[in-house]
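Here the structure comes first, spelled out in structure tokens, and everything after it is commentary.
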Amino acid sequence: MKTQSDEKLNNSKHTFKVAERLSYVPTYSFAKLDAEKQLILSTGLDVIDLSLGSPNLLSPKIVVDECIKEIQNPANYRYPPFKGNKNFKEAACAWLKNRFSIDINSENEILPLTGSKEGITHLAFAYINPGDMTIVPSPYYPVHARGTLLAGGKVHELPLTPENNFLPQLDTIPQEVLDKAKMLFISYPNNPTGAVCDFEFLEKAVYLCKKNNIILVNDLAYSELVFDENKVHSIFEVKGAKDIAVEFHTLSKTYSMAGWRMAFVIGNKDIVSALYEVKTNTDYGVCGIIQSASVKAFSIPLSEHKKTSMIYQERRDVMLEKLSKLGWNIPKPGGAMYIWLPIPKAYKSGFDFSSDLLHKANVATIPGGSFGTHGEGYVRFALVDHKERLSEAVDRMEKAGLTNK
Ligand SMILES: Cc1ncc(COP(=O)(O)O)c(C=O)c1O
């Protein structure tokens, strides 16, 4: 039987104060524009969505077929092994050997992840205490900074500018920052700038981190999306890198499998093990069906990656050519899947330009400020639609008077 006080409880209002750590990570300015994009879509208008770096190509058929097969395997209905499936880890290590000629021990130098995003954030929880510092080139893939911020740490941003080819000037980092820093992030081909780095840059980063006892985190999300004659190296091609480095790989971009959530980290076994330690407290690892299906992806010849890169390269060229007619003459990005566009002089912020692109041209982009302090003054276009649609996006900009003239 209900008492009078139960009735009162049924109608009571509650508010719960969220943890302070959520205030360390401000809401993406993009979130506001995303809500506005949804509103426009709900009216039936056609938005060309170049906001998220979510590939529009199909995942490989052999992966999809294997997934359908594996979903009928009862072994996959139980929890997968915490440390990942042997078949996945061995196939990934064989792929790395084939692609970069590096030796990764499949027993203790690799860990499957539910996406690099998850792994990168959890890595910060393994190493960052409140007040600790991480060095992050800026503009950055937001998670490089946000993992540290959520863990209560501080981020030292290294400016990436066109003058330095969007490469951080490692020799200008103040010694007091190096003394405090626990991690340094690098990521080339780069999101959002599209820049690439050479092998010498990787050597410098390894040297700096060894000298200052800093964990080097190389995010190689776009290792297979590289244009023209550019080459991408693994950090583990640098001698001694395993003493201090880990490297994140994902199937999201290479195999257009962003929705499958499949990635892995490789490298220093103590760092991999610390990340594993955090993850044993938060998840049970990647779904076995996805791991087994992903093994098939590694059997795809490397020459296929060149074909995928060519698709993005063509998209890049179509867009840059048309943008040049609107007054933008920018250097060609060497890899990844983005156009990093300076905003016209008449605009005060990337947000304002992005907002006009959405409302006046129905083209969705991300304002540069979402990628860190040094991203302000730019907007990012993701090349995630067919070249005809990218071409139409620039036509719409012209029609709406959104030019750089
Ligand atoms: C540099 C970089 N790292 C990681 C990711 C996310 O990878 P995943 O889909 O494996 O979480 C992205 C996504 O855009 C990215 O740009």
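The values are calculated or read from the model by the stated rules, or taken from the named source; none is laboratory data. What you are looking at is a predicted structure, and each value in this text was computed from that prediction instead of being measured. Note: ideal-geometry Cβ built from the backbone for every residue, glycine included; neighbour counts use all protein chains shown. These accessible areas exclude ligands, DNA and RNA; they are computed on the full protein's heavy atoms, side chains included. Shrake-Rupley method; radii C 1.70, N 1.55, O 1.52, S 1.80 Å.
Structure data summary
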{"item": "Heavy-atom surface of region 310-355, accessible at 1.4 Å and reported per residue (Å²)", "result": "42 Å²"}
{"item": "Percent antiparallel among DSSP beta bridges (both partners in the chain, rounded to 5)", "result": "45 percent"}
{"item": "Most to least accessible of LYS117, LYS345 (protein chains only, probe 1.4 Å)", "result": "LYS345, LYS117"}
{"item": "Portion, in percent, of the accessible area of the chain that falls on carbon or sulfur, probe 1.4 Å", "result": "54 percent"}
{"item": "Solvent-accessible ranking of ARG316, ARG146, ARG78, ARG21, largest area first, probe 1.4 Å", "result": "ARG78, ARG21, ARG146, ARG316"}
{"item": "Loop GluC sites (Glu not before Pro), region 213-310 (other Cβ atoms within 10 Å of the site Cβ: 14 or fewer; DSSP)", "result": "GLU229"}
{"item": "Residues of region 61-298: accessible area per residue with a 1.4 Å probe, Å²", "result": "41 Å²"}
{"item": "Heavy atoms of HIS359: accessible area, 1.4 Å probe, square angstrom to 10", "result": "90 Å²"}
{"item": "Principal axes of region 19-78: Cα extent on each, largest first, Å", "result": "43, 39, 19"}
{"item": "Listed pairs LYS17/LYS83; LYS154/LYS348; LYS69/LYS89 exceeding 25 Å between Cα atoms", "result": "LYS17/LYS83; LYS154/LYS348"}
{"item": "Spin-label pair ALA346/VAL25, simplified geometry with 7 Å Cα→Cβ offset, distance in nm", "result": "3.8 nm"}
{"item": "Cα-based convex hull volume of region 293-405 per residue, rounded to whole Å³", "result": "126 Å³"}
{"item": "Anchor LYS13: lysines whose Cα lies under 21 Å away (excluding residues fewer than 8 positions away in-chain)", "result": "LYS2"}
{"item": "Additional length obtainable on full extension of the chain from ASP171 to THR43, 0.36 nm per residue less Cα span", "result": "40.9 nm"}
{"item": "Hydrodynamic radius (Kirkwood) for region 61-298, which is based on Cα pairs only, to one decimal in Å", "result": "18.2 Å"}
{"item": "Inverse of mean 1/r across different Cα pairs in the chain, Kirkwood, Å", "result": "22.5 Å"}
{"item": "Simple spin-label estimate for TYR77 and THR282 in nanometres, 7 Å along Cα-Cβ", "result": "3.0 nm"}
